[in-house]
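Throughout, read-outs are computed from the coordinates displayed, never taken from laboratory work. For clarity, every value in this text was computed on a predicted model and none was experimentally measured. No Cβ is skipped: glycine too gets one built from the backbone with ideal geometry, and neighbour counts run over all protein chains shown.
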Amino acid sequence: MATSDKTAPPGAPRAAAPPAPPVARVRATRDGFYHGQRIRPGKAFTLLDPRHFSDKWMVRCGVDEPDELAEQLARTPKRKRESDGTPRRRSQTTGDEQEATAGAAPKPGDEVI
């Protein structure tokens with residue numbers, strides 16, 4: 001009966017982690033979408049998982065090819081996001097306008113003349 005890592009005595013060597021999947025660098029032959037990004041023909045990019053490869057719009061290219069998508073994403077400015085992942089929106093009014101309009105609306109219980 002073989003022992004698993006869960007029943008191995010403390011301090012016993014653990015099994016090696018599975019090897020990382022090979023890097024799959026591809027080039028788009030047609031318009032496509034991958035990982036939330038629109039990919040134009042001719043762009044080289046790296047697949048997160050080699051099983052994501054599609055014969056319909058990708059061809060394999062060498063690992064020495066530059067990852068154009070990663071370079072493009074590195075150049076774009078990062079947007080600040082709320083804790084739930086939605087983009088943070090700027091207020092439509094300035095601070096002065098907010099102060100001026102703060103007292104303009106009647107509050108519940110105020111007398112309106």
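Is the shape of the range 24-75 rounded, prolate or oblate, going by the alpha carbon gyration tensor and its root eigenvalues a ≥ b ≥ c, with a/c under 1.5 for rounded and a/b larger than b/c for prolate?
Rounded shape, in that the Cα axes give a/c under 1.5.
Along the axis of the charge dipole computed for the range 24-75 (Cβ charges of +1 for Lys and Arg, -1 for Asp and Glu, origin at the Cα centre), the listed residues Gly42, Cys61, Gly32 are led at the positive end by Gly32. Net length available on complete extension from Ala15 to Arg60 is 12.9 nm, with 0.36 nm assigned per residue and the Cα-Cα distance removed.
Calculate the dipole size of the range 24-75 relative to its Cα centre from +1 charges on Lys and Arg beta carbons and -1 charges on Asp and Glu beta carbons; express the result in debye to the nearest 20. Can you show the working numbers first?
Details: 10 positive and 8 negative charges, 44 e Å.
Dipole about the Cα centre, nearest 20: 220 debye.
In terms of packing, defined here as the mean over residues of other Cβ atoms within 10 angstrom, the peptides 41-48, 58-65 line up highest first as 41-48, 58-65.
Annotation: amide H-H contacts under 5 Å for Cys61 (H modelled 1.01 Å from N, sequence separation of 5 or more, or interchain): Arg25, Val26, Arg27.
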